[in-house]
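Presented below is the structure to which this report refers.
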Amino acid sequence: MPAAEPAPPAIELRHIDKRFGTVHANRDVSMTIARGSITGIVGENGAGKSTLMSILYGFYDADSGDILVNGEPAAIRNPHDALHLGIGMVHQHFVLIDPFTVLENVMLGAEGGALLRRGKGKARAELERLETEYGLGVNPDAVIGNLPVGAQQRVEILKALYRGAAILILDEPTGVLTPQEAEQLFRILQTIKARGATVILITHKLREIMAATDEVYVMRAGTVVAHRRTEETDEGELAELMIGRKVRLELDKAPAAPGAERLLVEDVTLHDARGVTVLDHVGFGVRAGEIVGVAGVSGNGQTELLEVLAGIRVAETGRISVDRTAITPARPMDPAQMRELGVAHIPEDRHRLGLVVSFEATESALLGYQRDGAYAGPVLQRHQAINRHCAALMEEFDVRPRQPFLRSANFSGGNQQKLIVARELARDPTVLLVGQPTRGVDIGAIEFIHRQLIEHRDAGAAILLVSVELDEIMALADRILVMCDGRIVGEVARHDADERMLGLMMANARAGNGAAAST
Amino acid sequence: MSRTDRNVRAPLPRWADVALIPVANVLLALLAAALIVLVIGENPLKAVRIMVAGALGDSQGIGYTLYYATNYIFTGLAVAVAFHAGLFNIGGEGQAYIGGLGVGLALLAFDHVLPLAALIPLAVAAAALFGAAWAFVPAYLQAYRGSHIVITTIMFNFIASALMVYLMVNVLIAPHQMSPESREFLPNAWLPTIGSVLAGLGITVERSPLNLSLVLAALACVGVWIYLWHTPWGYELRTVGQSERAAVYAGVKPRHIILVAMAVSGALAGFVGVNEIMGVQHRLLLNFNLGYGFTGIAVALMGRNHPVGVVLASLLFGILSQGGAELAFEIPAITPEMIIVIQGLIILFSGALANMSRPFFERIFALAARA
Amino acid sequence: MQDAYLIALLTLSATIRVSTPLILGAMAGLFSERSGIVDVGLEGKMLAAAFAAGAASAVTHSAWLGLAAGIVAATALALIHGFASITQRGNQVVSGVAINILVAGLTIVLGIAWFHQGGETPPLPPEGRFMPIHFPGQDALASVPVIGPIYGHLIGGHNLLVYVAVAAVPLTHWIVNATRFGLRLRAVGENPQAVDTAGVSVAWLRYRAVLLCGLLTGIAGTYMSIAQNAGFTRYMSAGQGFIALAALIFGKWRAWPAMGACLLFGFLDAVAIRLQGVSVPGIGEVPVQLIEALPYALTVILLAGFIGRAVAPRASGIPYIKEH
C-alpha cells in the first residue's frame, strides 16, 4: 500500500556517513521511509541505529549525505529544526520533568504565548482531542513522577503529537515496558499510522518487528545490510541478517573439564529505582573449569546481575553461594568481602568502575586490593610492592606504554582493559565475573584477553562471562545462558548453539527454545 | 560535538596541567588586582615593592608572614582534604572558631595543674576534637540525611559565631572585665614563640607572634601528605572523591569516607585555635578566627589541593597579609582589605574560572606541536 | 494594655523593615536557584549594591541614581557568576564564595580610596535616600485607637523599597507559576535536557534568571544603604544574604513560604533586639544569640529532613553539558 502512493516518501536518507574518531558509526546509509508506514530498524548493539536517528533528529551532524523530508532537502541542525519539520522522537530515556504535570510537560517549548493561562486552556482542549483520537489514557493533570513508566512513555508520544509530529521515531520503546504496556503501545502506533502519520521503530526485538511493522531495515556495523517488506520475511532470516556471518574468532581450546559448582545463583530478583523488574527470579550455576556465557542485548539485566554477584548491589530475594558461603538479602556481602571469598570482577564499565581515570596506573592497578596485606602495612602503603606489582602486571599483560606512573586516562582503551584484566586475574580467583571484556579493545588485545580467560578456566576458575558480542560468547563459552527482560530465557551447551538460534532467543522470539530452560 | 572539533586543540602535557595553568590563573587574578590598584590611582609595582619589603625585609616581617601562613596552612589543608573526598567544606571558619574554644577550655581548666609539656598535646588534641566535632555534624547530615554539606557548613559558621558570643558574654568572661574575654592563661600555658626558642639557641630575632604552631603546621603538611598518598585510607578517600562508583566497586563505603574526611578537615581547621589562642592571644576571645577559614579556600584552590601547593599558597597569602598591613601604612589609599580582594580574585580565577585559560593553552600547544 | 499593643505594633513594624532585604534577597535567590544555578553569593551582591548605591547617592544626592548604581553593581556580579557557572561550567559554589569575598574587600578598598571615611560613604541628605512615605490621612487617623497606629506604623510609614519588596513576592509567584518564562525556568532547574530537546536555549534561560537575581539583590542592597540607613558602612550586609538564602531553603524555593520564612527570621531579629538584656518573667534572660542562631539552626534541621523535606531543584549546581 505505501509503495503505491505517488506522494514523496516521508523521509529519505541518502548516503549518510558519520565517524566518531576512529569509529565509523554510519557508513553510506540510505533509507526510504514511506509515508503512513511503520518502518522498523533492527540491528545489534553498535550497529549504528541510534546514531542514524540522532542525525535525523539533529543531535549530530552527518559528515556527509543528505536528508530529505517529504521530498524536500532538509538541514536539521538541532532538535528544534526537526520539530519544525514535523519529526518527533521518543527517547529510550525519557526527557520529562518529574514534578510537572502532564499538561506542563506537553506545553514546554510550545506554550502558545507569554502567559500560561490561555495556552493551558488551548493545550487542554488539544490534549482532549488527541486523547479521543488516539486513546492514550493519560490524565493531563497527573504529575509525571507519580505515573508508571508506560504512561510516561505515552506522555512522550503525546508531546510529539501535540507539536504536530507527522513522523515519530521511537528508540527501543519496549525496553522498560511490561508486556501489557507494550501491547497498548503497539495499538497506539497502529492508530497513529491509521491517521496518516509515519512511525520509525528502532528495536532489537524481532517479534515486535514482525507484529508491528510494514517494512524493515536491518543494520549491521554501520551499514544497511537488508531492506525487506515485513510480510515477505521471517524472524529467522532477520536474525541471520542481523548477526551476519562474521569472521569466527578461532581459539584452539581444550574441551572444558568442569569440576565442582563454585558459584550458585538461586531465585535472585531485583527492581530498579523506578520499580521496573531488572532481575526476574534468576538462577544458574557455574562450575570450576568452565566458562558460562550470558548472551543478550544490553540492558536486559546483565549489568545488574554482575553487580549483584560482585556485591555492589543487594538482591531483594534469593541466594548466592560461593563454594560453601551463602549470601542472602538478610546477610549481604560488600565487594570487599566478595573479593575475600575469591570472587574477582572485571566490570563492564571500565571508565567508571574498573579504574579511576585520574589515577596513575599504579593506583588503578590497586583498586579493590588496597587493604591487601601485600600492599598495605599497618599504617603505610607498601609503595615499592605496589609499584613492582603494577610493573609486573604491565609486563605480563603487555600493557603499553610501560609507564606505571602515567595517568590511567592516557592509556588506550585496550591497554586500560589489559591492566584491569591483569589486576583481577592476578589473584587466581575461584570465581571470575567478566563483563564485556573486549568492548572498545583492539584485535590484538582481544585475542590476548581471550587466551588469558581460557588459561584461567583450565586452571580451575569458574568464569561467568557477560557479553553482547555473540561471537565472543561463541568463542569462549562452554555453556550459554540467554537473558532477556531480566530473565534467563534459555540455556544451551556451546556445541548445540548456533548464532541464529541465540539471536532468536535474545530477541525473545522463541523463549526457552528446545534446549532445557534453566531453573 | 562535531562543530567544536574544528578548533585545533592538543591535550596538555602534565606539567602544564599541574604548573602552567595554575600559575597563569593566579597571574590573571593578580593582574585584576593590579587594575584595581590603578583605579584607586596608585602604582601597583610600587605597591608590590612595599609589600615584599614589608613581608620579607626583616626578621620581624618574616615572623609575621610565617605567623599568618601558619593559619592559612591549617585551613588550606582542611579544604584540601575535604576536596580530595569530593566535598566542599566552607565551614573552616566555624571549625577554627570551635577548635579555638576547645583549646581555650582545655587551658583554662588545666593551666594551673599541668606543665607546658603536657598542655601542648592537650591543647592540640582539644583543637582537633572540637574542630572535628563541628565538622562531623554536617558530614553526618550529608552522608545519612542527604542535606547538602555546603549549605550546612555555611549555617554552622553562623551558629558557631552565635555560640561563641553567647559563651564569651555569658559564661567565659573574666570577672570584672568589660570586653568579652576570658582570663589570661598562666604563662606555662603559652605556646613558646619561635623567637624564644631561637634565643635559647643563641639566635636573636625581632618580636613577632610566630610560635611553635609553625612546627605543628609543618607536621600537618607531612601528615596530610602521608595520609592521602601513603596510606590505604587516603587511597580510599581519594577514590571516593574521584569516582564514587569505582570506590564502591573497590569495596569502599562512601558514607564512612565522608565522615572521616570531614572530621580530619575540621580537626585541621581547629588547629588555627592552637596558633591564635595558645600561641598569640593567651586567652579566649571573640573573632580570632576571622577570615582564615575563607582564605583556606583560596589557598587550597591555588595550591591545587596538594600540601606543597598549600604551603606555597600560604606563604603568598602570608606575604600579602603582612605586606598589606605594611602597605596600608605607607600608602593609606590601599587598605589591608586589598588582601581580601586578592583572595576573592584568586578564588574566582583559580576556582570558578579555572578552565577559562585552558583552550588558549591547548591551542598554543597544538600550534607548537605542528611547528 | 495600650502600651503593650503599641510595642507589639512597633515590633511588627520593625519586623517588616528588617525583613525587606531578606525578602528581596530570597526572591533573587529563587530565580537563580529555580533555574539550577546555586547562589551562595547573594550576600556579596547585596553588599556590592549597598556600596554602589551609597556611593552614587553620596555623589549625586539622588536616591534614584543610587538605586540604579546598586542594580548595575549587583547585576555585573550576577553576570560574572553566570559566566562562570553557565558559560565556563565552573563550580557554582566556588564562584559564589569568590564573589562574597571579593566584594567584602573591594567595598572597603574603594570606599576608603574614594571617600576617606574609614570605608563608610558620607551621610546622605534626605533627597539622596528613600524616605518613609507619608500616607494621606495618617495624622488625622493617628489618634484613632487600634486602627490609627496600624495605619501609621504597620501599613504606612515605610519607604518605597519596602513596598517594592512586598510587591516582589506576588510578582515572583506569578512569574514563576503563570508565565511561559516561569514554566521554562522551573523546567530548566529540574531537567535542562528536557528544555533543550524542546528547542529552548538552556544558557539564555539561565542568564535571564541570573540577571533577575542581580536586579533584586541590587534593590536589596540599595535598601540597606540608602533607605534603611543613611549611608554605607563596612560589611553592612552582615550575613543577611545568607539569612535570605536560608529563608529561601526554608520556604522550599517557593515565593510565599520564603517570604513567610523571611518574616519569621526578621521577627526573631526584631524580638532579639527588643529582648536584649531584658529578663522575661518565668524564663529569665533569653540569650539573644540563641534567637540569632535560630534561622540557621532551623534551616539545618529542615535540610536534614526532620521537619518536612526541602528538596532543591534537581539540576542545581550541575553544569549543563549537552550529551547524546
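The values are calculated or read from the model by the stated rules, or taken from the named source; none is laboratory data. Since we're looking at a predicted model, the values are computed, not measured. Here the Cβ positions follow ideal geometry from the backbone for every residue, glycine too, while neighbour counts run over all protein chains shown. Keep in mind that these areas ignore ligands, DNA and RNA; they rest on the heavy atoms of the full protein, side chains included. Shrake-Rupley method; radii C 1.70, N 1.55, O 1.52, S 1.80 Å.
Points worth noting:
- Values of log10 I(q)/I(0) for segment B:28-370 across q = 0.12 Å⁻¹ run -0.90, by the Debye formula with one identical scatterer at each alpha carbon and no solvent.
- Dividing the convex hull volume of the alpha-carbon atoms in segment A:29-93 by its residue count gives 107 Å³ per residue.
- Taken over segment C:181-282, the ratio of Cα radius of gyration to 2.2 N^0.38 Å equals 1.46.
- Net length gained if the chain between A:Asp323 and A:Glu261 were fully extended (0.36 nm per residue, minus Cα distance): 21.6 nm
- Principal axis dimensions, largest first and in whole angstrom, of segment B:215-265 by Cα: 39, 19, 14
- Evaluated at q = 0.09 Å⁻¹, a Debye calculation over the C-alpha positions of segment A:1-134 (equal weights, vacuum) places log10 I(q)/I(0) at -0.36.
- The calculated 222 nm mean residue ellipticity attributable to helices in chain B amounts to -22000 deg cm²/dmol, summing -39500 (n - 2.57) over DSSP H runs of n ≥ 4 and dividing by all residues.
- Its Cα centre serving as origin, chain A has a Cβ charge dipole (Lys and Arg +1, Asp and Glu -1) of approximately 920 debye.
- Accessible-area value, B:Tyr292, 1.4 Å probe, nucleic acids and ligands omitted, Å²: 20
- Within the accessible area of chain C (1.4 Å probe), percent carbon and sulfur: 69
- Cα point-scatterer Debye curve for chain A, base-10 log of I(q)/I(0) at q = 0.06, 0.08, 0.11 Å⁻¹: -0.33, -0.58, -1.03
- Cα shape, segment B:219-371, gyration tensor, a/c 1.5 rule: oblate
- Distance from segment C:199-242 to segment B:248-294 (C-alpha centre basis), Å: 32
- Interface burial for B against A (accessible surface, 1.4 Å probe, total of both chains, Å², rounded to 100): 2600
- For segment C:95-136, heavy-atom accessible area (probe 1.4 Å) falls by no less than 50 Å² from the chain alone to the full protein assembly at C:Val97, C:Ala98, C:Ile101, C:Leu102, C:Val109.
- P(r) weight above 23 Å for segment B:1-114, C-alpha pairs, percent: 64
- Rolling a 1.4 angstrom probe over the protein heavy atoms with all chains in place gives segment C:2-303 an accessible area of 35 Å² per residue.
- Gyration tensor verdict on segment A:118-234 (Cα atoms; rounded if a/c is under 1.5, prolate if a/b is larger than b/c, oblate otherwise): prolate
- Volume per residue that the Cα convex hull of segment C:2-303 spans, once the total is divided by residue count, Å³: 142
- C:Ile155 - accessible surface, heavy atoms, 1.4 Å probe, Å² rounded to 10: 90
- Buried area at the A-C interface (accessible, heavy atoms, 1.4 Å probe, summed, Å²): 2000
- Two-site FRET efficiency, A:Arg451 against A:His93, from Cβ-Cβ distance with R₀ of 30 Å, rounded to 0.05: 0.20
- Computed from label points 7 Å out along Cα-Cβ, the spacing between B:Val23 and C:Val286 is 5.9 nm.
- Legend: calculated FRET efficiency, C:Asn177 to C:Ile155, from the Cβ-Cβ distance at R0 = 25 Å, rounded to 0.05, equals 0.40.
- Gained length - A:His84 relative to A:Ala142, 0.36 nm times residue gap less alpha-carbon distance: 18.1 nm
- Remark: spin-label model distance B:Ile226-C:Asn229 equals 4.9 nm, labels positioned 7 Å along the Cα→Cβ axis.
- Against the main long axis of the alpha-carbon atoms of chain C, helix C:63-82 sits at an angle near 30°.
- Cα centroid of segment A:3-42 to Cα centroid of segment A:128-193, whole Å: 24
- Over 18 Å [Cα-Cα, segment C:101-191], rounded percent: 70
- Across the protein chains, with a 1.4 Å probe defining accessible surface, the residues A:Val90, A:Val314 rank A:Val314, A:Val90 from largest area downward.
- Among C:Trp64, B:Trp190, the order of accessible area from largest down is C:Trp64, B:Trp190, computed with a 1.4 Å probe on protein heavy atoms.
- The charge dipole of segment A:1-141, taken about its Cα centre with unit charges on the Cβ atoms of Lys, Arg (+1), Asp and Glu (-1) only, comes to about 180 debye.
- Accessible area in the full protein assembly, largest first, 1.4 Å probe, for C:Tyr207, A:Tyr375: C:Tyr207, A:Tyr375
- Calculated FRET value between A:Phe405 and A:Arg352, using beta carbons and R₀ = 25 Å, to 0.05: 0.65
- Overall form of segment B:156-276 per C-alpha gyration tensor (a/c, 1.5; a/b vs b/c): oblate
- Mean shadow area of segment A:370-471, taken as a quarter of the surface of its Cα convex hull (nm²): 7.1
- A dipole drawn for segment A:11-243 from +1 and -1 charges on Cβ atoms has a positive end, and of A:Leu241, A:Val176, A:His91 the residue lying farthest that way is A:His91.
- Radius of gyration, Dmax [segment A:11-243; alpha carbons; angstrom]: 17.7, 55
- Solvent-accessible area of A:His281, all protein chains in place: 110 Å² (probe radius 1.4 Å, heavy atoms, ligands and nucleic acids excluded).
- In nm, spacing of pseudo-spin labels at B:Val197 and C:Leu10 (7 Å Cα→C-beta vector): 5.8
- Inter-part distance where segment A:402-417 and segment B:119-190 are each reduced to a Cα centre, Å: 46
- Stretch gain in nm, segment A:Glu396-A:Leu68, where the contour uses 0.36 nm per residue and the Cα spacing is subtracted: 112.7 nm
- Relative to the longest principal axis of the Cα atoms of chain B, the long axis of helix B:307-330 makes an angle of roughly 70 degrees.
- Viscosity 1.002 mPa s, temperature 20 °C, Stokes-Einstein D of the protein assembly as shown from Kirkwood C-alpha radius, µm²/s: 63
- Antiparallel beta bridges, as assigned by DSSP with both residues in segment A:11-243, represent about 50 percent of the total such bridges.
- Chain B and chain C together bury an accessible surface of about 3500 square angstrom, both sides counted, with a 1.4 Å probe and no ligands or nucleic acids included.
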